Every structure is written in C-alpha cells, then in structure tokens.
Amino acid sequence: MTKITRRTLLGTMGAAAAASAMSAIPGFAAERTIRHFWWGNPERDKRTFAVIDLFQKHHAGIKVSGETIGWKDYWTKMATQTAGSNMADLIQMDYRYLFEYVHRGALKPLDEYVGKTLMLADFDAAPLSGGKVDGKLYGLNIGSNSQVLVYNNKAFADAGITADVINWTREDFPAICEKITSASGGKMKGSDDLSTSVDIMQVWVRQNGREFYDADGKVTATADDIASFWDYWAQMRKAGVVSGKDRTVVINPPLSETGIVTGGTAISQFWSNQMVGIQALMKDKVGAAMFPHKKDGPYGQYIKPSMFMSLTRDVKDVDAAIAYMNDWVNDPESTQVLGLERGIPCSPKVRAALKPTLSDTEKDAVAFFDAIQDRVGKLPLPEPKGAGEVYELFTRTASEVVLDKIKPAEAAGQFIQDAQDIVDRAR
C-alpha cells in the first residue's frame, strides 16, 4: 500500500488537515507543495521522511508530500501516472529506465539549474555522467553501488568457510553452498536460487565477454549464455543446496521475506546500498561478496548509479523542487540522515563528513565498494526502449524453467528471439 505522507509513518496525524484549514482563511497564503515518489523499504522510508521533515524545517512555506511503494509495484504505478499526466514533481529513477523515460518526454533536464540552485561542482565526474542522456543531465545521482551477494557470517563460520568472497569463482560457489546446507542439516540452504535475477544474469553474460545489448539496441547475449546460466542454477537445485522452487518464483519479495532474512538461506543477492536495510532486519551480522567470477573471464559486475532523483515534466513548482534536490546532496543534516542507504554519495565532501558517523554495516559497505574497484567492468551501455518489458519476460521465462515447464536450452532460444522482437517493436 502506498504511504501518502510522512505523518502516516511517523504518527503525527492532524497537521495536514490543520494546514488545509488555515489556507482557506483570509490572510493565510496556501503552502507551496511538491510531491516526491520513490520505491522503498522500511529503513529507506524512515530516512526519507526524516529528510522531508528537515527540508520543511529549513524551507518554511514548502510542503513535501512523500509517496512510497515497493519496487515490484513502483514501475506499474509510474507508468499509470505518466500516462495520466499526474507524475510526482520528483521521482526516484533507475538507470535501467532513465533513457526510456527521457525519450518518452517524461523528464525535464537539470542543466540550467546546475551551478545556480543545484550545486554539483565537487561531484565525482563518472557518477554524474551516468545521469546524462544525449548530453543533458536528467538524473541526479543520489548514490553509487554495485551488485552484491549478502551473506550470513555466522552461517559461514558454522560451516567452516573461509573463502575469499571477492575473488571466488563459479566453481567455488556450489561447493560452498553444499557445505552450508550440510552444516545446518538442510535447515538452511547455501543460497537463494538466482535463476530469475536479471541483474545476475547480466553479470553472467558480461563474464562471457558480451553485453546484453549493443549500442544500437540489438540483443547480443546468446541463447548459450542464457541456457548456461539457467543450467548452473538447475544443477544446484538438483543437489538441494539452493532455495526451493516455490521460493524462487516469488519475484522481488520484500526484504523481510528474502532468504537471508528469514534464515532459509545463507546468501541472497541485492545491491550494495541495500546492506543497511538487510542488517536492520537481522540479528546475525552480514558480509558482502561479489558474484563468483568466471575463471579467466572478464569481470561482470559494474559500479552504477544506485538510483537517481529526476524532475518530471509535470512539476508545478520547479524552484521548490530544485531546492529539495539540492538539500539531498549537499545539506549536512540531510546527508547524515540518508547515510549510505541509497549508495555511496558522489560528493567527496559528503563522504568525508559521513565517515566518523558510519555504522559498522555502512563501513562494511564502503570497504566492499573499495575492494571491488579493480574487479569490475565498465558501466553497461544505455538500454533501449522496451528493456523493462524484456526483463519482465526474462523473469517469467526463468520461472517456467525453474518449474520444469520448459528446458533451459529451448527457453533460452525463445527468450532471445522474443527479447529482440520486443526491442524492435519499441523503437
């Protein structure tokens, strides 16, 4: 369910009604208002509403309406709001969808505000460039991250595992999952089955020396890439060392229902900025691992903008919206509240200011980020229009493979053809 205002979360009911009543009284001017829509989780929502409170404290007369929903439903609601010309003033945007929404005319460029009311002079150049489309800035990077396998330290210790989780290989991984499963008497599987994970599938393809798409939007991943990925997980399912089919086909479950949090598995896949949210739900300490490398293959993981804040075409009060964006990346109080939950800040000044206040989990996230710097590939090329539909197709097809409704090789060939057809239709 969408949370409409910070009061829903923080329990300060009544203020909105009072403000509305006062605006109707002669002599009381109506508040300026802006809407901010993001995909979230309990930890992210708590921090975001706290920053909204700070902004309203610093900017009297501007009210921010916060709207949050889980990733699974976010893009469906976003598409509905876009079609109805009712987008929030500010939205959370993912690199995967940035180019699509820009080319649909749904976002406004930020360039004319940079250096005036949006201060980005000390930002790292690479993370900032990730938010550009056709030379214009449409996405303000609010944190950088990478794919991560979050693991349960206690489960690893109980199984006697001392693996180098930054440099381990595809061959190492099944054996480690078997040790964890055996040590727990089968009560805890080694890992979630990642057959349906688009992010990990892309890493696998890159480890094989290809990108999923080329610069022209052609699908360059092969049927063999996809079939071998599904076969890899099928072998571990057969051995009983990863999560069962019923769990695997639940796509994008809430953090509280993921394998590592429920204790069903020792390893789950996330993005590095989610470590804080995961640790908040667990008693056992978590660690961070890379996805196992292909021996003698190129690196598959990459560092990307964890998410952007974008200004939409439906924005009503641009000045208020830009002031809000600026506080998110520059205001000391706000950036301290946000911490690293959305990723590593792009401003060196902000990172330096945060360092003394970081929690143990946040320090681990920074250490992971530092450790992978020379073990990652380049940021993938921008994805073509229709990429979101392609990835929905992937999860559906992967689920059919997991449920033994179709063999990996047959499913992979059909998926590659259908993926290219989707992209061609979307041009």
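Of note:
- Among the residues making up segment 250-277, a single one is of a type in the set (Val, Ile, Thr), more than 24 Å from Ala159 (Cβ to Cβ) and in a helix (DSSP H, G or I): Val276.
- Just so you know, in segment 215-245 the residues that are under 24 Å from the mean Cα position of the chain (by Cα) and modelled with pLDDT under 95 include one that is farthest from Arg375 (Cα to Cα), and it is Gly217.
- If the condition is being part of a loop (DSSP other than H, G, I, E, B) and surrounded by fewer than 23 Cβ atoms within 10 Å (Cβ to Cβ), then segment 189-211 contributes Asn208, Gly209, Arg210, Glu211.
- Only one entry of Ala398, Ala387, Ala409 meets the criterion of being farther than 28 Å from Ser272 by Cα, touching a helix residue (DSSP H, G or I) at 6+ places or on another chain (Cβ under 9 Å) and in the same structural domain as Ile200 (by TED's automatic domain parsing), and that entry is Ala409.
- Residue in segment 119-133 that is touching a Lys or Arg at 6+ places or on another chain (Cβ under 8 Å), in the same structural domain as Pro292 (by TED's automatic domain parsing), within 26 Å of Asn252 (Cα to Cα) and not charged (D, E, K, R) present: no
- Residue satisfying all of: in segment 415-426; surrounded by 15 or more Cβ atoms within 10 Å (Cβ to Cβ) and farther than 16 Å from Val205 by Cβ; modelled with the lowest pLDDT among these: Ala426
- Here Met282 meets each of (1) assigned to a helix (DSSP H, G or I); (2) closer than 19 Å to Ala367 by Cβ; (3) at pLDDT 95 or above with one exception, condition (1).
- Criterion (modelled with pLDDT of 95 or more and open to solvent by 10 Å² or more (accessible area, probe 1.4 Å)) met by exactly one of Asp314, Asp360: Asp314
- Restricting attention to segment 147-167, the residues that are touching a strand residue (DSSP E or B) at 6+ places or on another chain (Cβ under 7 Å) and buried (at least 17 other Cβ atoms within 10 Å of the Cβ) add up to 7.
- Residue within segment 75-88 that is part of a loop (DSSP other than H, G, I, E, B), touching a residue at least 40 places away in the same chain (Cβ under 8 Å) and open to solvent by less than 30 Å² (accessible area, probe 1.4 Å) present: yes
- Of all the numbered requirements in (1) more than 23 Å from the chain's Cα centre (by Cα); (2) outside any helix (DSSP H, G or I); (3) over 16 Å from Val318 (Cβ atoms), Ile34 misses one, and that requirement is (3).
The values are calculated or read from the model by the stated rules, or taken from the named source; none is laboratory data. Every value quoted in this text rests on a predicted model; they were computed, and no experiment measured them. Note that we place each Cβ from the backbone using ideal geometry, even for glycine, and neighbour counts take in every protein chain shown. These accessible areas exclude ligands, DNA and RNA; they are computed on the full protein's heavy atoms, side chains included. Shrake-Rupley method; radii C 1.70, N 1.55, O 1.52, S 1.80 Å.
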